[in-house]
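Trainee: This is the structure, below, for whatever I ask next.
The values are calculated or read from the model by the stated rules, or taken from the named source; none is laboratory data. Remember, predicted model here, so these are calculated numbers, not experimental data. Don't worry about glycine lacking a Cβ; one is built from the backbone with ideal geometry, like all the others, and counts go over all protein chains shown. Accessible surface areas use protein heavy atoms only, side chains included; no ligands, DNA or RNA. Shrake-Rupley method; radii C 1.70, N 1.55, O 1.52, S 1.80 Å.
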Amino acid sequence: MTNQRARKRFGQNFLHDKGVIQRILESIGPGHDEHFVEIGPGRGAITEHLAKQSGKLDVIEIDRELAAELREAQWVIEADVKIHMADALNFDFASLSDVGSSMRLAGNLPYNISTPLLFHLLDFHNLFSDIHVMLQKEVVQRMTASPGTKSYGRLTVALAARCQVEKLFNIGSGAFSPAPKVESSFARLIPMTKPLVSESEQTAFDAVLREAFGKRRKQLANALQTLLSTDAIEAAGIDPLVRAETLPVTAFVALGQQLQKQSSG
Ligand code: SAM
């Protein structure tokens, strides 16, 4: 591939450390009958291996030049990889899915859009049997944080209601070119077959999270005052005097259900 300059606005930090690439692939463990989707293939550091080791591969790359270069690569032609030149942030992942079979997703994600991208992926969680992502270390800390800690927030709870999230390992910035200013972590998300929040409860749950973590240090009754009364919070079995940031995911699920009941009743 030609040596195109890395584009900062697309969060381009290309993996070049063979040991790290190997470790990522071992964690993913692709199988020859599996359908993979990769976000941001870049110059193909992970893609080439996925193409050779999986049954079917769709990749989504926003950078026109990189997408064009990939199309020329011999291994892309041989393995019949489908390259979608598109923005993953508004990509319809359902358009890739074959009825009745799930897909696996992997990506060394552009760090500048990682949080909105994770929220977008959550909308499609039921299409994927697992999701492996490389992210900024702090984002993975937020994804796996415990209640009451600084990193615990809307992202943590939104993910925990639909996926099991596991941090696998850290990766130093030297594994990338150009080296990013931040450290990275590799993580695995396994969507639950029965999420804690049903589809019909989703809007109410999201509204509770937005309000609760918008005023995370306030007492719950105060933070949620536009949505739920003190009585309604108590009816959900939650103490209205605690701070939102100390509550476990199950409490947010109960509050979302209370709000849903209220709005449909
Ligand atoms: N996977 C490659 C690797 O590990 O070397 C590249 C990773 S680089 C951190 C992120 C990649 O995502 C780049 O190729 C970049 O062009 C692409 N990208 C950035 N924003 C994107 C978006 N919104 N949709 C799809 N791809 C995007």
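Trainee: How much area per residue is accessible in segment 199-264 when the probe is 1.4 Å and only protein heavy atoms are counted (Å²)?
Mentor: 51 Å²
Trainee: Separate question: How much of the DSSP beta bridge set in segment 8-191 is antiparallel, as a percent to the nearest 5?
Mentor: 45 percent
Trainee: Any idea how far the Cα center of segment 168-209 sits from the one of segment 216-241, in Å?
Mentor: Here the two parts' Cα centres lie 27 Å apart.
Trainee: A further question follows. Compute the length gained on full extension between Asp123 and Asp17: take 0.36 nm times their separation in residues and subtract their Cα-Cα distance, giving the result in nm to one decimal.
Mentor: 34.9 nm
Trainee: When ranked by the protection proxy of mean other Cβ atoms within 10 Å per residue, highest first, what sequence do the peptides 93-101, 203-211 form?
Mentor: Output ranking for 93-101, 203-211: 203-211, 93-101.
Trainee: A further question on this structure: Once you keep just the Cα pairs under 8 angstrom separated by 6 or more residues, what percentage relative contact order results for the chain?
Mentor: The value is 15 percent.
Trainee: Here is a follow-up. Relative to the longest principal axis of the chain, what angle (0 to 90°, nearest 10) does the C-alpha long axis of helix 18-28 take?
Mentor: Once rounded, the angle reads 50 degrees.
Trainee: Oh, and also: Using DSSP to call loops (not H, G, I, E or B), can you name the trypsin sites (Lys or Arg not before Pro) in segment 87-191 whose Cβ has at most 10 other Cβ atoms within 10 angstrom?
Mentor: Lys150, Lys181
Trainee: Any idea how far apart Asp239 and Asn170 come out in nm if each label point goes 7 Å out from Cα toward Cβ?
Mentor: So the label points at Asp239 and Asn170 sit 3.4 nm apart.
Trainee: Continuing with this model, one more query. Hey, for a label at Lys137 modelled as a point 7 Å past Cα toward Cβ, could you say which residues of segment 162-181 have their backbone N under 13 Å away?
Mentor: Zone members listed by number: 169-175, 180-181.
Trainee: If you don't mind, another one. Subtracting the Cα-Cα distance from 0.36 nm times the residue separation, let me have the gained length for Arg5 to Glu78 in nm, one decimal.
Mentor: 23.6 nm
Trainee: Could you please put His35, His16, His84 in sequence from largest to smallest accessible area, using a 1.4 Å probe?
Mentor: The most accessible residue leads, giving His16, His84, His35.
Trainee: Roughly how many percent of the accessible protein surface of segment 20-67 is carbon and sulfur, given a 1.4 Å probe and a whole-percent answer?
Mentor: Accessible surface attributable to carbon and sulfur in segment 20-67 totals 44 percent.
Trainee: Sort 109-119, 190-200 by packing, meaning the average of other beta carbons within 10 Å per residue, with the highest value first.
Mentor: With the highest mean Cβ count within 10 Å placed first, the list reads 109-119, 190-200.
Trainee: In segment 180-265, what percent of the accessible surface is made up of carbon and sulfur (1.4 Å probe, ligands and nucleic acids excluded)?
Mentor: That share works out to 51 percent.
Trainee: Oh, and also: Suppose every Lys and Arg Cβ carries +1 and every Asp and Glu Cβ carries -1, with no other charges. What dipole size does the chain come out with about its Cα centre, to the nearest 20 debye?
Mentor: Roughly 1020 debye for the chain.
Trainee: Label point 7 Å out from Arg217 along Cα-to-Cβ: which residues of segment 141-173 have amide N under 13 Å?
Mentor: 150
Trainee: Return the distance in nm (one decimal) between the two label points of a simple spin-label model at Leu25 and Ser264, each offset 7 Å from Cα along Cα→Cβ.
Mentor: Label at Leu25, label at Ser264, 4.8 nm between them.
Trainee: Suppose all protein chains stay in the model; what accessible area per residue would a 1.4 Å probe give for segment 8-191, in Å²?
Mentor: It amounts to 44 Å² per residue over segment 8-191.
Trainee: Working out 0.36 nm times the residue gap between Asp87 and Asp33, then minus their Cα-Cα distance, what length gain in nm do you get to one decimal?
Mentor: Once the chain is fully extended between Asp87 and Asp33, it gains 16.8 nm.
Trainee: Could you derive backbone 3J(HN,Hα) for segment 177-188 from the dihedral phi with the Karplus parameters 6.51, -1.76 and 1.60 (θ = phi - 60°), listing whole Hz in sequence and x where the residue is Gly or Pro?
Mentor: Once rounded to whole Hz, the list reads 9, x, 6, x, 7, 10, 7, 10, 9, 9, 9, 10.
Trainee: Let me ask something else about it. Within the set of other residues whose C-beta is less than 15 Å from the C-beta of Lys167, count the net charge using Lys and Arg as +1 and Asp and Glu as -1.
Mentor: Charge balance in the 15 Å sphere: 0.
Trainee: Per the 1.4 Å probe, what fraction of the accessible area of segment 88-149, in percent, lies on carbon and sulfur atoms?
Mentor: Here it works out to 50 percent.
Trainee: When the helix-only estimate is applied to the chain (DSSP H runs of n ≥ 4, each -39,500 (n - 2.57), divided by the residue count), what is the mean residue ellipticity at 222 nm, nearest 500 deg cm²/dmol?
Mentor: Dividing the helical sum by the residues of the chain leaves -10000 deg cm²/dmol.
Trainee: Given a cut-off of 25 Å, name the pairs among Lys18/Lys167; Lys18/Lys137; Lys150/Lys261 whose C-alpha atoms lie farther apart than that in the structure shown.
Mentor: Long pairs (Cα-Cα over 25 Å): Lys150/Lys261.
Trainee: Using only the alpha-carbon atoms, what does the chain span along each of its principal axes? Please give whole angstrom values in decreasing order.
Mentor: 65, 41, 29
Trainee: For segment 1-124, calculate the relative contact order in percent as a whole number, restricting contacts to Cα pairs under 8 Å that are 6 or more residues apart.
Mentor: Computed over segment 1-124, the figure is 28 percent.
Trainee: Another question about this same structure. Quick one: angle between helix 249-264 and the longest Cα principal axis of the chain, in degrees between 0 and 90, rounded to 10, please.
Mentor: Orientation of helix 249-264: about 70 degrees from the principal axis.
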